[in-house]
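Okay, so here's the structure we're looking at.
The values are calculated or read from the model by the stated rules, or taken from the named source; none is laboratory data. Not measured: the values here are computed from a predicted model. Note that each Cβ is placed from the backbone with ideal geometry, even for glycine, and that neighbours are counted across all protein chains shown.
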Amino acid sequence: MSPFSYHLYEMAHLALAPARALSDATRMVLKSPMNPLSNTVWGRNVAASAELFERLTRRYGKPSFDLPETVIDGRTVEVREEIVWEKPFCRVIRFARETSRNDSRLLIVAPLSGHYATLLRGTVQALLPHYDVYITDWSDARMVPLHAERFDLDTYIDYLIEIMQFLSLGAPGAGLHTLGVCQPAVPLIAATALMEARQDPLAPASMVLMGGPIDTRRSPTAVNQLAQERGTNWFRRNCIHVVPFPYPGVGREVYPGFLQLSGFMAMNLDRHVNAHVDMFNHLVQGDGDSAEKHRDFYDEYMAVMDLDADYYMQTIETVFVRHLLPKGEMMHGNERVDLTAIRQCGLMTVEGERDDISGVGQTQAAQDLCVNIPDDRKTHYLQMSVGHYGVFNGSRYRNEIAPRIKTFIDSIDERGKP
């Protein structure tokens, strides 16, 4: 792939700017109640076409969490976001609640795999009534200046160790609880193993791993098979590009968000095409509620960020090609990541029956690898009839998975550290 593909993408995006502006203006004119054409079949069709063109060619910005309140003990309380820890590639957001309760602290480690941390809005919302919730908010690599620092999987693990030490100080109950969704399952369990091997008193009290690639040799999905077939060098040749001017990260090697989005869409192309056809029909028919649900979903889904090349390539090599963690061969600097060192941290694994990203058994593998965690501090749950997204969002997550997470965390608090 051409090293100038990122530059060509930027040029194409800028070249379409006048057409996007014209489409947006056309939509506004034809949807105006003052325009007699707005209620005609022709007018609705053209307005719908203009909106779809604008949405399909725009660049989607980082969404907001938009969680202004929650309900605690039957009372609605205000929630505000506070940044409590920050480094060039990550900041930690606390969802501070206006309550006098001294609830346990829960760190949600969001995926660094293309989408923003706001993809876990539903995950946060379901747990806010019960815990003092924090989340990792990863930075878009194209916005991080080249001189800031090098960032790879080892740096990611160092970040998690530092964050957990910071949040564990003064944490009530048994200590800090952690939850990793998808990709963070590997660095979270690695960070915990390193902390326990060092006998760090600030190691987390528990971790919940949800739909994560602990051992991708189990029930390999299309994503896993691609990594095995192509190998590390193919990904470097075809996925790594240089950030162009005028972004702050100009010159940094990254896996660009637009390539990731292409991959996401290609995995379920028919479904995405049908969804946009349905949106067009809803707009023509005047079904505003259905069209708005489509907008909300794709505003989130199509907002993507660049990943630092060092981090991306080390993750591909370590997790998906060589399977170093389950083999007991993963290294962090000069230290081996030994999962048998985990003795005190509770472990819960959660999987979805229809997960096409992390197949059934890949996350449960952590249960077999962490042989020294007592049985009464370990549990596994397989949620039927959900795919990858349903493991951490949606009605089954809210009604079936989140209550089980609460039961597990509360049981660790009740027992305390062994």
Taking residue 189 as meeting all but one of (1) more than 30 Å from residue 387 (Cα to Cα); (2) β-branched (Val, Ile, Thr); (3) out of contact with any Phe, Trp or Tyr (no Cβ under 9 Å at 6 or more places or on another chain), write down the number of the exception.
(1)
Can residue 34 be described as more than 31 Å from the chain's Cα centre (by Cα) and outside any helix (DSSP H, G or I)?
yes
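Do we find a residue being at pLDDT 90 or above and surrounded by fewer than 19 Cβ atoms within 10 Å (Cβ to Cβ) anywhere in the range 103-113?
Within the range 103-113, the subset at pLDDT 90 or above is 103-112.
Next, from what is left, pick out any that are surrounded by fewer than 19 Cβ atoms within 10 Å (Cβ to Cβ): 103.
Yes; the residues of the range 103-113 include at least one that is at pLDDT 90 or above and surrounded by fewer than 19 Cβ atoms within 10 Å (Cβ to Cβ).
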With the checklist (1) surrounded by fewer than 19 Cβ atoms within 10 Å (Cβ to Cβ); (2) touching a Leu at 6+ places or on another chain (Cβ under 6 Å); (3) of a type in the set (A, V, I, L, M) in hand, flag the one item residue 83 doesn't pass.
(2)
Residues of the range 301-327 that turn out to be assigned to a loop (DSSP other than H, G, I, E, B) and buried (at least 23 other Cβ atoms within 10 Å of the Cβ), as a count:
1
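Hey, among the residues in the range 114-165 that are small (Gly, Ala, Ser) and under 17 Å from the mean Cα position of the chain (by Cα), which one's surrounded by the fewest Cβ atoms within 10 Å (Cβ to Cβ)?
Within the range 114-165, the first condition is being small (Gly, Ala, Ser), and the residues that meet it are 114, 117, 122, 126, 139, 141, 148.
Next, from what is left, pick out any that are under 17 Å from the mean Cα position of the chain (by Cα): 114, 117, 122, 126, 139, 141.
Details: 114: 21, 117: 24, 122: 17, 126: 20, 139: 21, 141: 27.
Out of the qualifying residues, it is 122.
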Between a residue in the range 18-38 that is in the same structural domain as residue 49 (by TED's automatic domain parsing) and any residue that is of a type in the set (Phe, Trp, Tyr) and modelled with pLDDT under 75, which pairs come within a Cβ distance under 6 Å, given they are 6 or more apart or on different chains?
23/53
Pairs under 9 Å by beta carbon, first residue in the same structural domain as residue 178 (by TED's automatic domain parsing) and of a type in the set (D, E, K, R) in the range 104-118, partner in a strand (DSSP E or B) and surrounded by 24 or more Cβ atoms within 10 Å (Cβ to Cβ), six or more apart or different chains?
105/133; 105/134; 105/177
Among the residues of the range 369-390, write down those that are modelled with pLDDT of 95 or more and surrounded by 14 or more Cβ atoms within 10 Å (Cβ to Cβ).
369, 370, 373, 377, 378, 379, 380, 381, 382, 383
For the range 368-418, how many residues meet the condition of being under 14 Å from residue 209 (Cβ atoms), among the basic types (Lys, Arg) and not in a helix (DSSP H, G or I)?
1
Just name the residue that is nearest to residue 378 (Cα to Cα) out of those in the range 186-221 that are buried (at least 24 other Cβ atoms within 10 Å of the Cβ) and among the small types (Gly, Ala, Ser).
206
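Can we say residue 363 is in a helix (DSSP H, G or I), β-branched (Val, Ile, Thr), under 17 Å from the mean Cα position of the chain (by Cα) and under 25 Å from residue 226 (Cβ atoms)? Explain how you work it out, then say what you get.
Numbers: in a helix (DSSP H, G or I): no; β-branched (Val, Ile, Thr): yes; under 17 Å from the mean Cα position of the chain (by Cα): yes; under 25 Å from residue 226 (Cβ atoms): yes.
No, not satisfied.
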State which residue pairs qualify: first residue assigned by TED's automatic domain parsing to the domain that holds residue 357 and among the hydrophobic types (A, V, I, L, M, F, W, C) and inside the range 392-418, second residue surrounded by fewer than 16 Cβ atoms within 10 Å (Cβ to Cβ) and assigned to a loop (DSSP other than H, G, I, E, B) in any location, beta carbons under 7 Å apart, and separation of 6 or more residues or different chains.
none
